[in-house]
Amino acid sequence: MSEKIFESDDDLGCTRKDRKYRKDVHARWVDIHPEPVTFRTLVTLVEEETHLPVPTDLRYESGEPYSVFMVFNADTDMTVEWEFGRELLLAGEQRLSGVGDVQVWPSEIFDCGLVYISFRSGRERFVVAASAEAIGVFLERTFEVVPLGREASFLGIESVVTQLLNEA
């Protein structure tokens, strides 16, 4: 998937017709390729008396740089997808994080690093345990695509605003 955005350092006073023929206008087409990161892993649904392994995809797209997605039952016809903050997942590796429908916290059980993630929708709530190592590898890969703190530059808002103003 590719989105073309026209960027121009042209002054807003010239019309499209004038802009076409001006030599001092520097414009270029910029391709924005939302590079997806998908990491398939097995998480454990933690119930009172049972622990059920669930195939899960962790997904990240540069087009939505602040969010991560967890898609449960990735290998079946029925899937459940949750979207939440990438920084929430990062903070949850170290401490209890989140006050809303998604909370993340670390735990050490049997010398195996785990990250617990709680999801709540209305009165329904479920908790999954994921490998801290898997979460860490996934987050590292997302930071290669969009560095932490640089998310706003991947939204393309300035280019879109410029394009809209040029069309007006």
Sole miss for Pro53 among (1) closer than 16 Å to Pro36 by Cβ; (2) in contact with a Ser or Thr (Cβ under 8 Å, 6 or more places away or on another chain); (3) modelled with pLDDT under 95 is condition (1)
Across (1) at pLDDT 90 or above; (2) touching a strand residue (DSSP E or B) at 6+ places or on another chain (Cβ under 7 Å), Glu87 clears everything bar (2)
Given (1) closer than 21 Å to Glu151 by Cβ; (2) at pLDDT below 95; (3) open to solvent by less than 60 Å² (accessible area, probe 1.4 Å), Asn73 misses just (1)
Q. Out of all the residues in the range 121-133, is one or more at pLDDT below 80 and either in a strand (DSSP E or B) or buried (at least 17 other Cβ atoms within 10 Å of the Cβ) (or both)?
A. no
Scanning the range 134-149 residue by residue, the ones that are loosely packed, with under 13 Cβ neighbours inside 10 Å and not aliphatic (A, V, I, L, M) total 4
Just one listed residue, out of Ser62, Ser67, is over 20 Å from Phe119 (Cα atoms), modelled with pLDDT of 85 or more and of a type outside the set (A, V, I, L, M), and it is Ser62
Checked the range 117-146 for anything closer than 19 Å to Arg95 by Cα and in contact with a helix residue (DSSP H, G or I) (Cβ under 8 Å, 6 or more places away or on another chain); matches are Ile117, Ile135, Leu139
Condition set in contact with a Pro (Cβ under 9 Å, 6 or more places away or on another chain) and closer than 26 Å to Arg150 by Cβ, scope the range 42-64, selection surrounded by the most Cβ atoms within 10 Å (Cβ to Cβ): answer is Tyr60
For the range 79-120 the number of residues that are closer than 17 Å to Val43 by Cβ and open to solvent by less than 20 Å² (accessible area, probe 1.4 Å) is 9
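The values are calculated or read from the model by the stated rules, or taken from the named source; none is laboratory data. Here the structure is a predicted model, which is why all the values come from computation and not from measurement. Ideal geometry is used to build each Cβ from the backbone, glycine not excepted, and the neighbour counts take in all protein chains shown. Protein only, heavy atoms only, side chains kept; ligands, DNA and RNA dropped before computing areas. Shrake-Rupley method; radii C 1.70, N 1.55, O 1.52, S 1.80 Å.
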